[in-house]
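Below: the structure, in C-alpha coordinates.
The values are calculated or read from the model by the stated rules, or taken from the named source; none is laboratory data. Being a predicted model, the structure only gives us computed values, none of them experimental. Positions of Cβ are generated from backbone atoms using ideal geometry, with glycine treated the same way; all protein chains shown enter the neighbour counts.
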Amino acid sequence: MQKQPASYWIEKLQLQKHIEGGSFREVYRSSLILEKNNLPDTFNGSRNSSTSIYFLLEYGQFSALHRIASDELWHFYYGDALTVYEIDAITGELLTKTLGSNIENGEVFQVAVKAGNWFGAAITNGGGYALVGCTVSPGFDFADFELAQRAELIEQYPQHAVVISSLTR
(Lines give C-alpha, C1' and ligand atoms only; values in the text may rest on other atoms or scores of the structure.)
Protein backbone atom coordinates (compact mmCIF):
# COMPACT_ATOMS: atom_id res chain seq x y z
CA MET A 1 0.00 0.00 0.00
CA GLN A 2 1.36 3.41 -0.97
CA LYS A 3 1.68 6.01 1.76
CA GLN A 4 -1.01 8.70 1.59
CA PRO A 5 0.26 12.30 1.37
CA ALA A 6 -0.26 14.70 4.29
CA SER A 7 -2.90 16.57 2.26
CA TYR A 8 -5.03 13.40 2.25
CA TRP A 9 -5.21 13.34 6.06
CA ILE A 10 -5.73 17.09 6.32
CA GLU A 11 -8.75 16.82 4.02
CA LYS A 12 -10.21 13.52 5.30
CA LEU A 13 -9.82 14.44 8.99
CA GLN A 14 -10.86 18.08 8.38
CA LEU A 15 -7.74 19.46 10.05
CA GLN A 16 -7.16 23.20 10.45
CA LYS A 17 -4.03 25.25 11.20
CA HIS A 18 -2.96 25.23 14.86
CA ILE A 19 -1.51 28.26 16.66
CA GLU A 20 1.54 26.24 17.75
CA GLY A 21 2.15 24.92 14.21
CA GLY A 22 0.87 22.03 12.13
CA SER A 23 -2.78 21.10 11.68
CA PHE A 24 -5.34 19.75 14.12
CA ARG A 25 -8.97 19.00 14.94
CA GLU A 26 -10.50 18.33 18.30
CA VAL A 27 -12.26 14.97 18.20
CA TYR A 28 -13.32 14.46 21.81
CA ARG A 29 -14.31 16.62 24.78
CA SER A 30 -15.65 14.75 27.81
CA SER A 31 -19.00 15.86 29.15
CA LEU A 32 -17.77 15.15 32.68
CA ILE A 33 -16.77 18.46 34.29
CA LEU A 34 -14.11 18.72 37.00
CA GLU A 35 -14.95 21.70 39.22
CA LYS A 36 -12.21 24.26 39.90
CA ASN A 37 -12.27 23.56 43.66
CA ASN A 38 -11.24 19.96 42.85
CA LEU A 39 -8.29 21.00 40.65
CA PRO A 40 -4.82 22.33 41.51
CA ASP A 41 -4.35 26.12 41.67
CA THR A 42 -2.66 26.03 38.24
CA PHE A 43 -6.13 25.84 36.63
CA ASN A 44 -8.09 29.04 36.05
CA GLY A 45 -11.51 27.38 36.20
CA SER A 46 -13.45 24.15 35.85
CA ARG A 47 -12.33 21.74 33.10
CA ASN A 48 -13.71 18.84 31.10
CA SER A 49 -12.16 15.66 32.46
CA SER A 50 -10.44 14.87 29.13
CA THR A 51 -10.01 16.11 25.55
CA SER A 52 -8.29 14.73 22.47
CA ILE A 53 -7.19 15.97 19.05
CA TYR A 54 -5.74 14.72 15.81
CA PHE A 55 -2.48 16.57 15.11
CA LEU A 56 -0.38 16.52 11.95
CA LEU A 57 3.08 17.99 11.44
CA GLU A 58 4.77 18.14 8.04
CA TYR A 59 8.49 18.40 7.33
CA GLY A 60 9.62 21.97 8.04
CA GLN A 61 6.79 22.59 10.51
CA PHE A 62 7.12 22.30 14.25
CA SER A 63 4.95 22.35 17.32
CA ALA A 64 6.28 25.44 19.07
CA LEU A 65 7.38 25.12 22.68
CA HIS A 66 4.44 25.67 24.99
CA ARG A 67 3.12 24.49 28.31
CA ILE A 68 -0.27 23.66 29.76
CA ALA A 69 -1.65 22.91 33.21
CA SER A 70 -2.45 19.27 32.40
CA ASP A 71 -0.58 16.13 31.50
CA GLU A 72 -0.64 15.42 27.75
CA LEU A 73 -0.37 11.98 26.18
CA TRP A 74 0.79 11.83 22.54
CA HIS A 75 -0.20 8.80 20.38
CA PHE A 76 1.43 7.82 17.09
CA TYR A 77 -0.98 6.96 14.25
CA TYR A 78 0.70 7.16 10.85
CA GLY A 79 3.61 8.52 8.83
CA ASP A 80 7.16 9.27 9.88
CA ALA A 81 8.74 9.52 13.31
CA LEU A 82 8.15 12.63 15.41
CA THR A 83 10.45 13.82 18.19
CA VAL A 84 8.83 15.37 21.26
CA TYR A 85 11.11 17.73 23.20
CA GLU A 86 10.30 18.39 26.87
CA ILE A 87 12.07 20.65 29.36
CA ASP A 88 11.48 19.46 32.91
CA ALA A 89 10.22 22.47 34.91
CA ILE A 90 11.88 21.25 38.13
CA THR A 91 15.27 19.92 36.99
CA GLY A 92 15.71 21.85 33.73
CA GLU A 93 16.63 18.58 32.00
CA LEU A 94 15.85 18.26 28.29
CA LEU A 95 14.00 15.04 27.53
CA THR A 96 13.58 13.78 23.97
CA LYS A 97 11.21 11.00 23.02
CA THR A 98 10.49 9.71 19.54
CA LEU A 99 7.00 8.70 18.48
CA GLY A 100 6.83 6.21 15.64
CA SER A 101 6.35 2.60 14.64
CA ASN A 102 9.99 1.50 14.45
CA ILE A 103 10.25 -0.05 17.90
CA GLU A 104 13.67 -1.57 17.03
CA ASN A 105 14.94 2.00 16.52
CA GLY A 106 13.74 3.14 19.96
CA GLU A 107 10.49 4.70 18.74
CA VAL A 108 7.37 4.39 20.89
CA PHE A 109 3.62 4.59 20.22
CA GLN A 110 2.88 6.85 23.20
CA VAL A 111 4.69 9.67 24.99
CA ALA A 112 3.53 11.41 28.16
CA VAL A 113 4.38 15.05 28.86
CA LYS A 114 4.11 16.24 32.45
CA ALA A 115 1.87 19.20 33.33
CA GLY A 116 3.78 22.48 33.54
CA ASN A 117 6.75 21.34 31.46
CA TRP A 118 7.68 23.20 28.26
CA PHE A 119 7.31 20.96 25.21
CA GLY A 120 7.22 20.97 21.43
CA ALA A 121 7.81 18.60 18.54
CA ALA A 122 9.31 18.26 15.06
CA ILE A 123 9.58 15.59 12.39
CA THR A 124 12.54 13.30 13.04
CA ASN A 125 15.46 13.11 10.59
CA GLY A 126 13.83 14.75 7.58
CA GLY A 127 10.73 12.58 7.42
CA GLY A 128 7.70 13.77 5.45
CA TYR A 129 4.95 14.06 8.05
CA ALA A 130 3.55 12.50 11.20
CA LEU A 131 -0.10 12.01 12.13
CA VAL A 132 -0.52 11.76 15.88
CA GLY A 133 -3.14 12.27 18.54
CA CYS A 134 -2.94 14.19 21.79
CA THR A 135 -5.05 13.44 24.86
CA VAL A 136 -5.14 16.00 27.66
CA SER A 137 -6.43 15.35 31.19
CA PRO A 138 -7.88 17.41 32.78
CA GLY A 139 -9.13 18.59 29.42
CA PHE A 140 -7.44 21.24 27.31
CA ASP A 141 -8.50 24.87 27.58
CA PHE A 142 -6.68 27.78 25.93
CA ALA A 143 -6.83 29.55 29.32
CA ASP A 144 -4.12 27.09 30.44
CA PHE A 145 -1.99 27.44 27.27
CA GLU A 146 1.24 29.46 27.23
CA LEU A 147 3.37 29.80 24.11
CA ALA A 148 7.10 30.14 24.90
CA GLN A 149 8.94 33.40 24.34
CA ARG A 150 12.35 32.57 22.86
CA ALA A 151 14.49 35.10 24.76
CA GLU A 152 12.87 34.37 28.13
CA LEU A 153 13.19 30.61 27.75
CA ILE A 154 16.83 30.81 26.62
CA GLU A 155 17.58 33.02 29.63
CA GLN A 156 16.00 30.41 31.90
CA TYR A 157 17.54 27.38 30.13
CA PRO A 158 20.69 28.57 28.27
CA GLN A 159 21.96 24.98 27.99
CA HIS A 160 19.05 24.25 25.63
CA ALA A 161 19.39 27.37 23.44
CA VAL A 162 19.71 25.40 20.18
CA VAL A 163 16.51 23.41 20.74
CA ILE A 164 14.63 26.45 22.07
CA SER A 165 15.67 28.51 19.04
CA SER A 166 14.54 25.78 16.64
CA LEU A 167 11.13 25.35 18.35
CA THR A 168 10.10 28.98 18.89
CA ARG A 169 9.01 31.74 16.53
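The table for this structure:
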{"item": "Meets criteria (hydrophobic (A, V, I, L, M, F, W, C) and modelled with pLDDT under 95) for residue 109", "result": "no"}
{"item": "Identity of the residue in segment 1-30, hydroxyl-bearing (Ser, Thr, Tyr) and outside any loop (DSSP other than H, G, I, E, B), that ends up nearest to residue 57 (Cα to Cα)", "result": "23"}
{"item": "Residues of segment 125-167 classified as out of contact with any helix residue (DSSP H, G or I) (no Cβ under 9 Å at 6 or more places or on another chain), aliphatic (A, V, I, L, M) and free of Cβ contacts under 8 Å to residues at least 12 places away in the same chain, total", "result": "2"}
{"item": "Unmet criterion (only one of (1) closer than 21 Å to residue 160 by Cβ; (2) touching a Phe, Trp or Tyr at 6+ places or on another chain (Cβ under 6 Å); (3) not aromatic (Phe, Trp, Tyr)) for residue 79", "result": "(1)"}
{"item": "So residue 23, is it surrounded by 15 or more Cβ atoms within 10 Å (Cβ to Cβ), in contact with a helix residue (DSSP H, G or I) (Cβ under 6 Å, 6 or more places away or on another chain) and at pLDDT 95 or above", "result": "yes"}
{"item": "Among (1) over 14 Å from residue 129 (Cα atoms); (2) surrounded by fewer than 20 Cβ atoms within 10 Å (Cβ to Cβ) - the single one residue 60 does not satisfy", "result": "(1)"}
{"item": "Segment 14-35, residues that are more than 18 Å from the chain's Cα centre (by Cα) and touching a residue at least 60 places away in the same chain (Cβ under 8 Å)", "result": "30, 34"}
{"item": "Residues that are in a loop (DSSP other than H, G, I, E, B) and closer than 18 Å to residue 22 by Cα, drawn from segment 146-169", "result": "148, 167, 168, 169"}
{"item": "Subset of segment 84-120 that is in contact (Cβ under 8 Å) with a residue 60 or more places away in the chain, assigned to a strand (DSSP E or B) and touching an Asp or Glu at 6+ places or on another chain (Cβ under 9 Å) - its residue that is surrounded by the fewest Cβ atoms within 10 Å (Cβ to Cβ)", "result": "94"}
{"item": "Given (1) assigned to a loop (DSSP other than H, G, I, E, B); (2) free of Cβ contacts under 8 Å to residues at least 60 places away in the same chain, number of the condition residue 42 does not satisfy", "result": "(2)"}
{"item": "Any pair with Cβ under 6 angstrom, 6 or more apart, that starts in segment 69-83 at a residue that is at positive phi and ends at one that is assigned to a strand (DSSP E or B) and modelled with pLDDT of 95 or more", "result": "79/129; 79/130; 79/131"}
{"item": "Residue within segment 120-141 that is in contact with a Pro (Cβ under 9 Å, 6 or more places away or on another chain) and either modelled with pLDDT under 95 or within 30 Å of residue 8 (Cα to Cα) (or both) present", "result": "yes"}
